[in-house]
Structures are given as structure tokens and as C-alpha cells.
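Contents: one structure, followed by commentary.
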Amino acid sequence: MSGTLSPRAGLLGAEEDFASIGRAVAGAPARARSRAWWIAFAGACGLLGVFAAALAWLLLNGVGIWHNNNPVVWALDIVAYDWWIGIACGALLTSAILRLAGAAWRSGIDRIAETTAVLAAAAAALYPIIHLGRPWVFYWTLPYPNTLALWPQFRSPLVWDAIDIVSFLGVCLGLWYVGLLPDFAVLRDRAFEAARAEGRAADEGSGRRRRRTMLRAQIYGILALGWRGAATHWERWVLATRTLSALAIVLVVALQTGASVMLAGTVLPGWHDTLLPVTFLAASLLSGVGVTAALAVLVRRALHLEVLITERHLDLMARLMLGLGLVSAYCYGTEIFSSLLHGDAFDRSVLVRRLAGPHAWAFWLIVVFALLPVQLFWRAALRRSGLVVALVGIAAAIGSFGDHFMLLIVTLSHDFLPPSAHPYSMGVWGIATLLGSVGLFLALLLLGLRTLPMVSITETRRFAESHADGRASGERAPTAAETDEAPLWGVSAEFAQAGDLAAAVEALKDRDLGARIETYGPVPMARVARALGHPAGILPLLALGAALAGGLAFMAMCLYASGIDYVFDVGGRPRFSWQSFMVPSVSFGTLCGGLATVLALLFQNRLPRLNHPAFAIPGFARASEDRFFLALEATGPRFDPARIEGALARLPQGRPLMVRRVPL
């Protein structure tokens, strides 16, 4: 197969093929059903209970339970929010860049990174809601018609947070779910095969039917939306994932640099630094890659996927953490030297408080957990140690929390005037809320281990040989009597290799057989798609148009609300200060582009369609495993199945393993 990666590259076990990859990933959730899983899940649920108690106390007493005060008005909740969204942005940016760059080693990492981004964003989304004090009216932060004719204050970061987190979840979930579609089809077909095997055993009296097996097959079938693995499906799927990845990069850069530019644009010492956006982005990348690396080690060990997540993957993740750690160290060092050299007494006083003040532990948390441990990865042996990679990844995330605490709390607790200083200390309820968000992350992660393919089957198969056994699928074909009595949908041919299928398509595409040619397979088939002349569509243009239209519409709404309909000037800004609305406009634009991409993918592929005649092809379940099918669908009176069967039998190259007639 073109573009095949040699297993000797260390990214895949030497004996792995299409079928074994599918079995390993699809069977992984069953291997998660252990006592250790139940213990971990009980601990995560305990943390969720702590969060429920903290939320109840918050509703009774207000946000003051977090020990926030007049200068430190955001307290620990905004620190935790920025920390979680930084992890999410780092993980999503890693997956998006690897996909757009075509990096082969993304096969074992991208699903874990995207899952990390979704779960971290879900944990972050808790904070803007509960920070309102009355979370049941969270929709007040959104623009909607109301009896008082009020508009949200679009210059407020609270409104930015609401728009940003909704946009991030929309784009992130879109990329995550689109990537899962083919894998859901694999799980669907395996579950239906298991249900049919149980049915045959029950009919023979050697077993019994299990309702749970069929229910699992039906759930996966609904989630797969009728995915069949057609060549056109695959071409549009590849284009959609790349388009969503590009939108994700724009969104992440806008979120991280937008918030940091807002801070850098103030005059507060410790924030007024042009390097702050770069520091913000590097720290978020380091924390996101660190958590992704730790979860990769967990998935590798807990689900026994050592042949798919290899030591080579760990080595590359460690190298990436080392590089990001060096970039972060450079940024922190430059910031320190800049504060010491440029002669600003207020800036130096902030530096002194960071290094030796009451919250100096936050700075040294960065040094001890984020900057120093990654230096271990100069040794090749440590880069290939799963335990070391996981511990350093978790340490990087802890150090990132110290970075956000230092940046926000130390700066806000003391600005220019000594009388405005007010000490801040973390309260037990703020810590309880933070632990509760960690519990939500872990609980959702553990449920994902039991139900979802945590390694992308499709991406892994794209870099593997098919290793076909050369035998046709053993499913019984319809008899001649059955096909004579029922109208035919078409004729199908089964192939062992994508190259054989492509050769057959090239030989038959120009012949007038009274049939429409379609192909199905477990991986993208670029050569087949080119032979059929099926374009992938205009997904990128649709996404770009929707993103521009959405962003401009949101900007126009903000300008109209703030400058014309509901003028509420803040800080003496001009009425039409469009710069204040750039971040939410870009976020909303990427959300519109992401939704347009997903909807266009489904519409062009005619999904969802839970029942299709192709599913009646004998052995078609193997189209999601290791077989390639050619279907010639009857389209008119010139359709002659005997003639088509003869043409297939006389193919000069790529003769099929089996030819079957498919009734409607």
C-alpha cells in the first residue's frame, strides 16, 4: 500500500496488520474491566462528591467562600480555569499540528490528545458557570432577546470566557467525533458479529443470547451514523479532519495569545510584557503534551496496547516535552532578566515577591516540576521509560498550575500602591472545587477507557500492511433461487488488497455495464478515489466562508450593541473599539467553520443513514476490518449481472476473491 510505514520504524509491532489492529483496539475496553479500574473510578466519584459539596456550599454562601478579595477578585477559580483550558489547548494543538504535518507517529497519540482536550475543556467549563454565583442563569451572559432590552457587556472577559469555551468545545468535539466515526463503525460491525455468533450458538443449544451484546451493537451503530467506508466517504473524511485541525490551530492561538495580550496591554507590573503571549502559549503546550504523554502511558499499560503505542512514541513525546521545557525556561529567564535590567522599580518588586514573597512557592513549583524534570530526557533510556515519561508529564501539568497562580495572584495582590495590597490565601472550598474538577476529568476518562477506542484504528491502519490471508469471507452468499425471486441491488466483488481493488476499478470504470461503481474499505483509498474521479468536495471553502461570515457577524453585533443600541462605556474607550471584540469574534468564527465542516461532511456523505443495501453484501462486516469491496449497483435496464460477473472474472489484474449477487 502506498505510503506504508515500515514496522521497523518502531511505531508499530512487526506482526501487526489491519485485522490485529482492529482486534487490539476494539477489545481494549474489555481489558479495562478490572479491580484497579473500579478502585480508580470510586476515587474519581469521591472527588465528584467533594465537588458537589463545594457547589452546594457555594450556592448557600456565594463566591466569597473562595477567599477572593478586592484586588484578587478572581481568586483560585480563574487560576483553575486558565490551567484547564491551557491543558486543553496544548493537547488539541499537538493533535492538530501532527495531523496537518502528516507525522506518522500521530497514530498512537492523536486520539488520546483529542480526548484530553475534550475532558480538560469540560472541566474548565465548570468555572465560568459556577463563578456567576447563580449558575442556573448562565444564559444571561449570552445575547438573546429579553424583556429589559439588555445586552451583555461584550468587553467583559466573563462574556469572552462564555463564548470561548462554547467555541472550543464545539470545534474540539467536532474533530474528536469525526475522527471516531470510522472507529465506531469497526465497533459496530464487531458487536453485530458477536451478537450473530451468540444467536447461532443459542440456536444450536450451546449458548445463549445476551441482550447487552445486541444493545452495544445498536448503540455503536447509531454513533457510526451508517458509516460504510466508501472511497468518497474516506476522501471527505480526510479533508474534514484536516480542515477541523486548521480551525483548531487558529482557535487555540487566538485563545492563548488573546488572553495574554489582554493582560500584557494593562499597566500592571508583571503583566506588561510583550513576551507574555509566547510564555502563555509555551506553558499551555507543555502542560497539554505532558498530560497527553501521561495518559498515553496509562492507556498503553492499562489496555495492553504496547504494540500500538510503542517506546518510539514515548521517546518522541519526551523529546517534545524537552523542547517545550527549554522554550519555557528561555521565556522565564528572559522575563527575569528583563525585569532586572530595564529599571522599573514596580516590576522588580513583583519579581521579588514572586521569588521570595508569601506566594513564592508558585514560582519554585514551576522550576521544580515544569523546568527541571524535563531535563531528564537528555538521556535516551529515560525517554523510553513509561514510568518516567508519565511522572514528568504530570509534573509539567503541576508546574503549569504554579505558573497560572503566580501570574494572576501575585500580580493582583499588590499593584502600585501599598495601601491597595491585600493578602490572599487559598481556602478549603477553593481547593475542594479544584479537586472536584480533577474528579470530573478522571471519571470521564475512566468511562472512556471502558467504552471508546482510545487509539485511532483508522490512523494506525494507514501505516500498516493489510497482511491479507487470501481467503474470501466465510459468510454464506444468497442462493440462485433467492436472487432470482428478489430484485437485485447489484453485484459485489471482494478483494484482499486496495491495489487489486484500484486495478479492477481502472479496468471497469469506462465500460457501459448499466451499473454505478462504488468501493468500500477499512482505510482511505486515494488511488481508487482518483480512478473513480470522485472529488472530495469543497469542505475547506465552506469552512472558510462560514468562519468569515460568523466572525464578521459577531463583530457587527458587538459593535452595534456597544456603540449604538446599548452604549455603556468602560474605561473611556471609543464607542466602536473593535479591538475589544477580536478574541470572541475569532472564537465564534472558528465555531461556525467547524459546524459547517461537520454538517457538510454528513450531507455530502448522505449521513446519517443507518440502513443501506451495501450492508446486505455477504461478509461486508469485513469492510471495516481487512477487506475491500467493489459494488456495481444496478442503475438501468442495461444492468446484466452475468455480464458483470464475466467481466470481473476476466480482469487482467486484481481478480476478486469472490463475486456475489446482492438482492435488495
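In a reduced charge model with +1 at each Lys and Arg Cβ and -1 at each Asp and Glu Cβ, region 253-331 shows a dipole moment near 140 debye about its Cα centre. Scoring 73-84, 21-32 by mean Cβ neighbours within 10 Å over their residues and listing the highest first yields 73-84, 21-32.
The 3J(HN,Hα) values that the Karplus relation (6.51, -1.76, 1.60; θ = phi - 60°) gives for region 621-633 are, in residue order, 4, 6, 5, 9, 10, 8, 10, 10, 10, 10, 10, 10, 8 Hz. Gly and Pro appear as x. With contacts taken as Cα pairs under 8 Å at a separation of at least 6 residues, the chain carries a relative contact order of 25 percent. Alpha-carbon geometry of region 1-135: the Rg and the Dmax are 21.1, 64 Å, given in that order.
Rounded to whole numbers, the Karplus 3J(HN,Hα) couplings from phi for region 109-120 are 10, 4, 5, 5, 5, 5, 5, 4, 4, 5, 5, 5 Hz, using 6.51 cos²θ - 1.76 cosθ + 1.60 with θ = phi - 60°, and x at Gly and Pro. Other residues within the sphere of radius under 14 Å centred on the Cβ of ALA191, judged by their own Cβ, net out at +4 (K and R +1, D and E -1).
Taking all Cα-Cα distances within the chain, those exceeding 48 Å account for 23%. Taking the alpha carbon gyration tensor of region 293-393, multiplying each eigenvalue by 5 and rooting it gives semi-axes of 36, 13, 9 Å, largest first. Amide H contacts of MET658 (H built 1.01 Å from N, in plane; Pro and chain starts excluded): GLU494 sit under 5 Å, all sequence-distant by 5 or more or on other chains. Here, P(r) means the percent of Cα pairs in each 5 Å bin from 0 to the largest distance; for region 70-114 it is 5, 22, 20, 14, 11, 9, 8, 6, 4, 2, 0. The mean accessible area for residues of the chain, using a 1.4 Å probe and ignoring ligands and nucleic acids, is 42 Å² per residue. The shape of region 308-451 can be summarised by an equivalent ellipsoid whose semi-axes, obtained from the alpha carbon gyration tensor, come to 33, 23, 10 Å from longest to shortest. Within region 286-363, the GluC sites (Glu not before Pro) that combine a DSSP coil assignment with at most 14 other C-beta atoms in a 10 angstrom radius are GLU306. Model label points for TYR144 and SER34, set 7 angstrom from Cα along the Cα-to-Cβ axis, are 4.6 nm apart. Show me, for region 575-589, the HN-Hα J-couplings you get by feeding each phi into the Karplus relation (A = 6.51, B = -1.76, C = 1.60, θ = phi - 60°), rounded to Hz, glycine and proline as x. So the Karplus estimates, Gly and Pro as x, are 5, 10, 8, 5, 4, 5, 10, 5, 4, x, 5, 5, 4, 5, x Hz. For region 340-424, the alpha carbon positions stretch 53, 29, 15 Å along the principal axes, listed from largest to smallest. Compared with the dominant principal axis of the Cα atoms in the chain, helix 498-508 is inclined by about 60°.
Angle, helix 157-204 long axis vs. longest principal axis of the chain, Cα atoms, 0 to 90°, nearest 10? In the chain, helix 157-204 runs at an angle near 30 degrees to the longest axis. Counting only protein heavy atoms and a probe of 1.4 Å, the accessible surface of the chain is 65% carbon and sulfur. Can you tell me the orientation of helix 211-224 relative to the chain, as the angle in degrees between its alpha-carbon axis and the longest Cα principal axis, to the nearest 10? Once rounded, one gets 70 degrees. Over all orientations, region 559-652 has a Cα convex hull whose mean projected area works out to 13.4 square nanometres.
Over region 61-130, what is the relative contact order in whole percent, taking alpha-carbon pairs under 8 Å and six or more residues apart? Could the numbers behind the result be given before it?
Details: 55 pairs, mean separation 25.9, N = 70.
In percent, rounded to a whole number, it is 37.
Packing here is the average count of other Cβ atoms within 10 Å per residue, and on that basis the peptides 652-663, 201-212, highest first, run 652-663, 201-212. Amide H contacts for GLY490 (H built 1.01 Å from N in the peptide plane; partners 5 or more residues away or on another chain; cut-off under 5 Å): ALA634, VAL662. In the chain, the calculated helix contribution to ellipticity at 222 nm averages -20000 deg cm²/dmol per residue, counting -39,500 (n - 2.57) for every DSSP H run with n ≥ 4.
Based on a Kirkwood Rh over C-alpha pairs, give the Stokes-Einstein translational diffusion coefficient of region 507-664 at 4 °C and viscosity 1.567 mPa s in µm²/s. Provide the component values of the computation, followed by the final result.
Working: Rh = 20.2 Å.
In µm²/s, the coefficient rounds to 64.
P(r) for region 61-173, from all Cα pairs and a bin width of 5 Å, is 2, 11, 18, 18, 16, 12, 10, 6, 4, 2, 0, 0 %, short bins first.
For a quick protection proxy, order the peptides 560-568, 588-596, 47-55 by their average other-Cβ count within 10 Å, most packed first. Working shown, then result.
On the way: 560-568: 14.2, 588-596: 25.3, 47-55: 17.3.
Output ranking for 560-568, 588-596, 47-55: 588-596, 47-55, 560-568.
Given R₀ = 45 Å, what would the calculated FRET efficiency be for ARG609 paired with ALA52, taking r from the Cβ atoms and rounding to 0.05? Rounded to the nearest 0.05, the efficiency is 0.65. Here the contact order of region 314-472, divided by its residue count and restricted to Cα pairs under 8 Å and six or more residues apart, works out to 22 percent.
The values are calculated or read from the model by the stated rules, or taken from the named source; none is laboratory data. On a predicted model such as this, the values are computed, not experimentally measured, just so you know. So basically every Cβ, Gly included, is an ideal-geometry build from the backbone, and we count neighbours across all protein chains shown. We work out accessible area using only protein heavy atoms, side chains counted, and drop any ligands, DNA or RNA first. Shrake-Rupley method; radii C 1.70, N 1.55, O 1.52, S 1.80 Å.
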